[in-house]
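Single-structure report; data block below.
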Amino acid sequence: MEVTENGDVTIVRPLSRTYTNPLTVGDLRREMTHLIQAGRRNILLNLANVEFVSSMMIGQLIAIKNEIWEQGGKLILSNIHPQVREVFEITKLVGVFDISADEADALARF
């Protein structure tokens, strides 16, 4: 996982292609929890490398979004692979998450 800063926005770029098992999903969850506990409130999750997600991953993204929101922050997802976007559309979560086409657009929305 690659984590960088752009002003007050933390950019997280998962490097794994798939988030379909407890290990990879757990790794992402731990990193996001660490960032939130460290006071990072504006997080951009760039999913460009992610081609497959499980229901477990979707559940963790919802929990992460809620945790950030409770802290007064914002989570934006960007660069979503078409297969992953389809999962968001099927589960009607497109309206739940703030989704940007690319990282630059997402950064402008913080």
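Listed by first and then second residue, the pairs with beta-carbon distance under 8 Å, at least 6 apart or on different chains, first residue in the stretch 78-89 and basic (Lys, Arg), second part of a loop (DSSP other than H, G, I, E, B) and surrounded by fewer than 19 Cβ atoms within 10 Å (Cβ to Cβ), are ARG85/VAL94. Quick one: how many residues across the stretch 50-74 are surrounded by fewer than 17 Cβ atoms within 10 Å (Cβ to Cβ), within 20 Å of SER16 (Cα to Cα) and not small (Gly, Ala, Ser)? The number of residues fulfilling the criteria is 4. Taking the criterion of being free of Cβ contacts under 8 Å to residues at least 40 places away in the same chain and within 13 Å of the chain's Cα centre (by Cα), the residues of the stretch 5-15 that qualify are THR10, VAL12, ARG13, PRO14, LEU15. For SER78, indicate whether it is at pLDDT 95 or above and of a type in the set (S, T, N, Q). Judged against the criteria, SER78 is a match.
Within the stretch 25-65, the set of residues being among the acidic types (Asp, Glu) and more than 23 Å from GLU86 (Cα to Cα) comprises ASP27, GLU31. Restricting the first member to the stretch 30-49 and to residues that are surrounded by 14 or more Cβ atoms within 10 Å (Cβ to Cβ) and β-branched (Val, Ile, Thr), and the second to residues that are assigned to a loop (DSSP other than H, G, I, E, B) and modelled with pLDDT of 95 or more, the beta-carbon pairs closer than 9 Å and six or more apart or on different chains are ILE36/GLY73; ILE43/GLY73.
Within the stretch 80-110, the set of residues being more than 21 Å from THR10 (Cα to Cα), of a type in the set (A, V, I, L, M) and surrounded by 11 or more Cβ atoms within 10 Å (Cβ to Cβ) comprises VAL84, VAL87, LEU93, VAL94. Taken over the stretch 20-43, residues that are under 23 Å from LYS92 (Cβ atoms) and not β-branched (Val, Ile, Thr) amount to 3.
The values are calculated or read from the model by the stated rules, or taken from the named source; none is laboratory data. Note that the structure is predicted; figures quoted are calculated from it, not measured. All Cβ positions, glycine included, derive from the backbone under ideal geometry; neighbour counts span all protein chains shown.
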